[in-house]
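Colleague: Once you've had a glance at the structure underneath, I'll fire off some questions.
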Amino acid sequence: MILHSIDAGYFKLDGGAMFGVVPKTFWNKLIPADENNLCSWMMRCLLIEDGNQLILIDTGMGDKQDAKWQGYYYRHGEGELVKSIRAKRYSENDVTDVILSHLHFDHCGGSVKWNAERTKFEMTFPNARYWTHSEHFESAIHPNPREKATFFRDNILPIQEANQLFFVDKVAEKPFKNIEILTADGHTEKMLMPKISYQNKEIIFIADTIPSHAHIPVPYVMGYDIRPLQTMIEKDNLLSKASENEWIIFFDHDPLYDCATVQRTEKGFALKEKGSLVEFF
Ligand SMILES: [Zn+2]
């Protein structure tokens, strides 16, 4: 088994929205905002080669939307999903499985792309099974008013139309030998958080439950969450297990670090070690 951190580019989101009720004087020291109060975030994916499976977790925002829309999110950086996968010497056709942590645009947009003529959509990974949770899928195609702007039909429905959509909760057999799929309901309905056993360690793709090292303290909950109190319970539970069992936490949006470990202190949970994926293995 081998793991690769995949850079699908950077984008910008309002710092206040990313830290909810936490004052800027606290978070700005950790993730500095620009003159428009926007912070730079990575769209980081994880690629796992395990025997004859090549599993990708998340696909970034892709490039289907028009330039005006892209302008709202200040897409920047050299990283691009397919380019980054090819840099690891794999092709799109090699990917057997895509686990979508959730269907917000910045996590699933790269799943579907325009064809060469820009006349219709096609699958970025034509041979892959795309995995989500049936209850999450339901909430994405019948969105509540709060999440409506982040679920795009063009990111989601073509996967189903291509018969490449699978539900982790509807399969008889576990699809992955070394991956346990945990779920959370605070950020969105039934978000998937794959936990991988790798080199005698556990590494968790914790998705938007803890998007960066700056979000480790339990009250640092994103303003986007549909159930912030639930996120706090889920974070407390996950951070307890992570600190006791020395889990490595993989961040989907951290602008600087792939991963970190955590420790319990008198003031709550805190960062222990941080760095790139290769520094941990
Ligand atoms: Zn996100």
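The values are calculated or read from the model by the stated rules, or taken from the named source; none is laboratory data. Model, not experiment: these values are computed from the prediction. Glycine also receives a Cβ, built like all others from the backbone with ideal geometry; neighbour counts cover every protein chain displayed. Each accessible area value is taken on the protein alone, full model and side chains, heavy atoms only, with ligands, DNA and RNA left out. Shrake-Rupley method; radii C 1.70, N 1.55, O 1.52, S 1.80 Å.
Residue-by-condition table, conditions (1) under 20 Å from Trp27 (Cα atoms); (2) not acidic (Asp, Glu):
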position: Glu189; (1), (2): no, no
position: Ala214; (1), (2): yes, yes
position: Asp252; (1), (2): yes, no
position: Phe269; (1), (2): yes, yes
position: Ser276; (1), (2): no, yes
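Colleague: Quick check on my filter: what residues within segment 248-260 are of a type outside the set (Gly, Ala, Ser), away from the ligand (no atom under 16 Å from the Cβ) and open to solvent by less than 20 Å² (accessible area, probe 1.4 Å)?
Modeller: Ile248, Cys259
Colleague: Ok, one more. State whether one or more residues within segment 163-182 are open to solvent by less than 40 Å² (accessible area, probe 1.4 Å), under 18 Å from His4 (Cα atoms) and not small (Gly, Ala, Ser).
Modeller: yes
Colleague: Provide a single number: the residues in segment 91-117 that are away from the ligand (no atom under 16 Å from the Cβ), out of contact with any Asp or Glu (no Cβ under 8 Å at 6 or more places or on another chain) and open to solvent by 10 Å² or more (accessible area, probe 1.4 Å).
Modeller: 7
Colleague: Output the residues belonging to segment 215-247 that are within 16 Å of the ligand (Cβ to nearest atom) and open to solvent by less than 70 Å² (accessible area, probe 1.4 Å).
Modeller: Within segment 215-247, His215, Tyr220, Val221, Met222, Gly223, Asp225, Ile226, Pro228, Thr231, Glu234, Lys235 qualify.
Colleague: Kindly list the number of the only condition in (1) hydrophobic (A, V, I, L, M, F, W, C); (2) open to solvent by less than 30 Å² (accessible area, probe 1.4 Å); (3) over 23 Å from Lys120 (Cα atoms) that fails for Met61.
Modeller: (3)
Colleague: Which one is most open to solvent (accessible area, probe 1.4 Å) among residues in segment 1-53 that are within 15 Å of the ligand (Cβ to nearest atom) and on the phi > 0 side of the Ramachandran plot?
Modeller: Ranking the candidates gives Gly20 first.
Colleague: Got at least one residue in segment 220-228 being on the phi > 0 side of the Ramachandran plot, modelled with pLDDT of 95 or more, touching an Asp or Glu at 6+ places or on another chain (Cβ under 8 Å) and not charged (D, E, K, R)?
Modeller: There is no residue in segment 220-228 that is on the phi > 0 side of the Ramachandran plot, modelled with pLDDT of 95 or more, touching an Asp or Glu at 6+ places or on another chain (Cβ under 8 Å) and not charged (D, E, K, R).
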